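Asker: I am attaching a structure below and will ask some questions about it afterwards.
The values are calculated or read from the model by the stated rules, or taken from the named source; none is laboratory data. Small disclaimer: the values here were computed from a predicted structure and weren't measured. Positions of Cβ are generated from backbone atoms using ideal geometry, with glycine treated the same way; all protein chains shown enter the neighbour counts.
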Amino acid sequence: MDRVLDQKALDTLAVAVQDAGRYAKEQQQCIHRSYKSDGTVITETDLAISRKILGVVSQLFENVNIISEETLTPFDPDAPFTFVLDPIDGTDVYSQGLPSWAVALGILDKQRNPVGAMISAPRWGLGEDELFLRLDPGKELLINGKPFSIRTNKDFPHQITMGSSGQRLMDFTHFEGKIRIFGSSILHMLSPVLYDHIQGCVNQSCYVWDITAAHAALLSVGMDIEYVDGTPFIYDDAFLLERKPFSPSFYAGTKDCIQALRKVLPAK
């Protein structure tokens with residue numbers, strides 16, 4: 001298979017992901033919470049979107065891997081691309097009726113580098129009611145179909161996003177900025193990219209489907225993620241294939257922002 005994904009197939013997939021977000025929005029007022037064996041929340045919408053998107057990817061692309069939070073699938077280490085799906089990132093807040101959730105599909109290349117993303121957040125946005133992020137491998141970042149670029153300096157963390165367990169894991173003694181918590185790792189990580197006055201993110205332990213799409217978006221604008229202990233973040237077998245959460249927490253932002261976060265907001 002060619003190492004370049006077919007453009008028409010990517011167009012079709014983008015429509016499917018955006019439609020999945022809109023479907024989730026329609027279903028939000030009537031969903032029922034249930035729980036997995038590990039105690040995390042799941043809804044019938046998660047399962048329906050997982051089935052739909054996995055089916056679309058399988059039809060459109062040959063010889064690629066698909067990893068989904070809700071479905072176990074085989075993995076070929078020689079496949080040129082791996083699609084990583086979170087049917088709803090932020091299921092807990094979604095099930096409570098809150099707006100901060102997203103359908104997130106990330107794309108890894110054969111070397112496990114995040115190179116693509118499609119993210120539908122139909123109740124979130126930039127001064128409008130819907131956010132759809134698209135990053136085709138090797139192409140520019142698009143927000144609602146338009147090229148996007150960062151307009152402000154992001155090198156010092158005056159305002160950051162963080163997961164809800166951050167208050168237990170991080171030392172706030174020297175941090176004097178603002179913190180935003182939305183309930184979605186994808187939206188936490190996207191915020192330094194999207195919003196002028198948010199510079200960084202601190203994300204606590206979660207799974208590959210919770211971060212891949214947003215990580216690709218960060219990389220596309222010159223940002224990255226790095227563990228709080230200074231080690232680089234990698235998509236190793238434990239994280240990608242064994243479906244284990246990463247550890248410890250990581251910082252997200254520009255290189256300078258990450259260095260500043262390590263000083264003003266270290267791990268306990």
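Asker: Condition first: in a strand (DSSP E or B), free of Cβ contacts under 8 Å to residues at least 40 places away in the same chain and over 23 Å from Lys52 (Cβ atoms). Can you find one or more residues in the range 186-195 that meet it?
Answerer: No: the range 186-195 contains no residue that is in a strand (DSSP E or B), free of Cβ contacts under 8 Å to residues at least 40 places away in the same chain and over 23 Å from Lys52 (Cβ atoms).
Asker: If you go through the range 125-134 one residue at a time, do you hit one that is of a type in the set (D, E, K, R), assigned to a loop (DSSP other than H, G, I, E, B) and modelled with pLDDT of 95 or more?
Answerer: no
Asker: I'd like to check something: does the range 71-87 contain any residue that is aromatic (Phe, Trp, Tyr), surrounded by 21 or more Cβ atoms within 10 Å (Cβ to Cβ) and either at pLDDT below 95 or not in a loop (DSSP other than H, G, I, E, B) (or both)?
Answerer: yes
Asker: State all residues of the range 151-179 that are among the β-branched types (Val, Ile, Thr) and within 18 Å of the chain's Cα centre (by Cα); if no residue qualifies, say none. Before you say what the answer is, go through the steps one by one.
Answerer: From the range 151-179, those among the β-branched types (Val, Ile, Thr) are 152, 160-161, 173, 179; that's our starting set.
Ile160, Thr161, listed by residue number.
Asker: Could I ask something else about it? Tell me, please, whether a residue that is buried (at least 16 other Cβ atoms within 10 Å of the Cβ), part of a loop (DSSP other than H, G, I, E, B) and in contact with a Leu (Cβ under 8 Å, 6 or more places away or on another chain) can be found in the range 161-172.
Answerer: No; the residues of the range 161-172 include none that is buried (at least 16 other Cβ atoms within 10 Å of the Cβ), part of a loop (DSSP other than H, G, I, E, B) and in contact with a Leu (Cβ under 8 Å, 6 or more places away or on another chain).
Asker: Do we have Ile258 as among the β-branched types (Val, Ile, Thr) and either over 28 Å from Glu69 (Cα atoms) or assigned to a loop (DSSP other than H, G, I, E, B) (or both) here?
Answerer: It is true that Ile258 is among the β-branched types (Val, Ile, Thr) and either over 28 Å from Glu69 (Cα atoms) or assigned to a loop (DSSP other than H, G, I, E, B) (or both).
Asker: Here are some conditions: (1) over 16 Å from the mean Cα position of the chain (by Cα); (2) under 15 Å from Lys25 (Cα atoms); (3) among the β-branched types (Val, Ile, Thr). Val103 meets all but one. Which one does it not meet?
Answerer: (1)
Asker: I want to confirm something. Restricting to the range 88-122 and keeping residues that are touching an Asp or Glu at 6+ places or on another chain (Cβ under 7 Å) and part of a loop (DSSP other than H, G, I, E, B), which single residue is surrounded by the fewest Cβ atoms within 10 Å (Cβ to Cβ)?
Answerer: Checked the range 88-122; the qualifying residue surrounded by the fewest Cβ atoms within 10 Å (Cβ to Cβ) is Pro122.
Asker: Quick check on this structure: which one of Asp136, Asp155 is surrounded by 12 or more Cβ atoms within 10 Å (Cβ to Cβ) and within 18 Å of Val115 (Cα to Cα)?
Answerer: Testing whether each residue is surrounded by 12 or more Cβ atoms within 10 Å (Cβ to Cβ) and within 18 Å of Val115 (Cα to Cα) leaves just Asp136.
Asker: Ok, one more. I'm checking my understanding of the structure. Among residues of the range 184-241 that are touching an Asp or Glu at 6+ places or on another chain (Cβ under 6 Å) and small (Gly, Ala, Ser), which one is surrounded by the most Cβ atoms within 10 Å (Cβ to Cβ)?
Answerer: Checked the range 184-241; the qualifying residue surrounded by the most Cβ atoms within 10 Å (Cβ to Cβ) is Ser184.
Asker: If I filter the range 217-231 for residues that are hydroxyl-bearing (Ser, Thr, Tyr) and in contact with a Ser or Thr (Cβ under 8 Å, 6 or more places away or on another chain), do I get at least one hit?
Answerer: yes
Asker: Then there's this: Among the candidates Ala16, Ala48, Ala9, Ala20, single out the residue that is part of a helix (DSSP H, G or I) and at pLDDT below 95.
Answerer: After applying the criteria, what remains is Ala48.
Asker: Conditions first: (1) of a type outside the set (Ser, Thr, Tyr); (2) out of contact with any helix residue (DSSP H, G or I) (no Cβ under 7 Å at 6 or more places or on another chain); (3) not in a loop (DSSP other than H, G, I, E, B). Ala217 passes all but one, so which condition is the exception?
Answerer: It is condition (2) that Ala217 fails.
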